[in-house]
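S.K.: Shown below is the structure under consideration.
The values are calculated or read from the model by the stated rules, or taken from the named source; none is laboratory data. Being a predicted model, the structure only gives us computed values, none of them experimental. When we count neighbours, we look across all protein chains shown, and the Cβ atoms used for this are built from the backbone with ideal geometry, even at glycine. Each accessible area value is taken on the protein alone, full model and side chains, heavy atoms only, with ligands, DNA and RNA left out. Shrake-Rupley method; radii C 1.70, N 1.55, O 1.52, S 1.80 Å.
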Amino acid sequence: MGTHAREILGMDPTRLIEELNKAFADEWLAYYQYWLGARVVTGPMRGAVEAELNEHAADELRHAEMVAQRILQLGGEPLLSPDQWHSATNCGYDAPSDPEVSVILEQNVKGERCAIDTYLRMLKLVEGKDPVTYNMVLSILQDEIEHEDDLESLLRDLEQRREE
Ligand code: FE
Ligand code: FE
Ligand code: MG
């Protein structure tokens with residue numbers, strides 16, 4: 001990080017880098033959960049669900065890139081091995097062991113709710129201290145909120161289909 005950029009950071013960068021690495025692990029696990037879910041999902045509306053899951057996978061990968069860039073800018077190192085993801089993660093990983101469409105969607109809704117809580121906590125942590133991270137986290141939070149809404153809409157559509 002540049003000299004003056006470090007001077008204006010109103011908090012301990014080590015603490016911030018640690019939190020960002022936890023989010024970095026979350027994003028990779030979310031990416032993998034969506035990517036795999038899109039490939040194994042079965043049941044009604046499979047095409048629409050598959051497309052949404054693929055879209056979200058791409059968003060989570062983009063989030064991982066954003067978070068990694070900020071970690072590097074702060075002088076930190078993104079987790080170097082996937083072995084570290086499980087101990088670092090806030091939101092964990094739900095294997096799509098039951099490929100039924102509503103089960104997959106529910107698992108991902110749970111993940112998005114955890115992501116929303118995580119980024120909201122981080123937003124409060126950096127508020128007034130690091131506007132650059134604040135801006136990034138806010139933009140990711142907006143995506144996670146949209147993700148939850150998209151998945152809930154698909155679950156409602158499925159429910160409606162079942163009633164018909
Ligand atoms: Fe994400
Ligand atoms: Fe998400
Ligand atoms: Mg979407």
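S.K.: I want to confirm something. Restricting to segment 68-77 and keeping residues that are of a type in the set (A, V, I, L, M) and either open to solvent by 20 Å² or more (accessible area, probe 1.4 Å) or part of a loop (DSSP other than H, G, I, E, B) (or both), which single residue is farthest from residue 132 (Cα to Cα)?
M.R.: Out of the qualifying residues, it is 72.
S.K.: Out of the residues in segment 53-67 meeting the condition of being away from ligand 2 (no atom under 11 Å from the Cβ) and open to solvent by 10 Å² or more (accessible area, probe 1.4 Å), tell me which one is farthest from residue 79 (Cα to Cα).
M.R.: Per the criteria, the residue is 54.
S.K.: Just give me the residues in segment 124-151 being crowded, with 21+ Cβ neighbours inside 10 Å and among the acidic types (Asp, Glu), in sequence order.
M.R.: 130, 144
S.K.: Using the structure shown, decide if residue 80 is of a type in the set (A, V, I, L, M, F, W, C) and either within 14 Å of ligand 2 (Cβ to nearest atom) or in a helix (DSSP H, G or I) (or both).
M.R.: no
S.K.: Go through segment 5-43 and give me each residue that's open to solvent by less than 50 Å² (accessible area, probe 1.4 Å) and of a type in the set (S, T, N, Q).
M.R.: Of everything in segment 5-43, those that are open to solvent by less than 50 Å² (accessible area, probe 1.4 Å) and of a type in the set (S, T, N, Q) turn out to be 21, 33.
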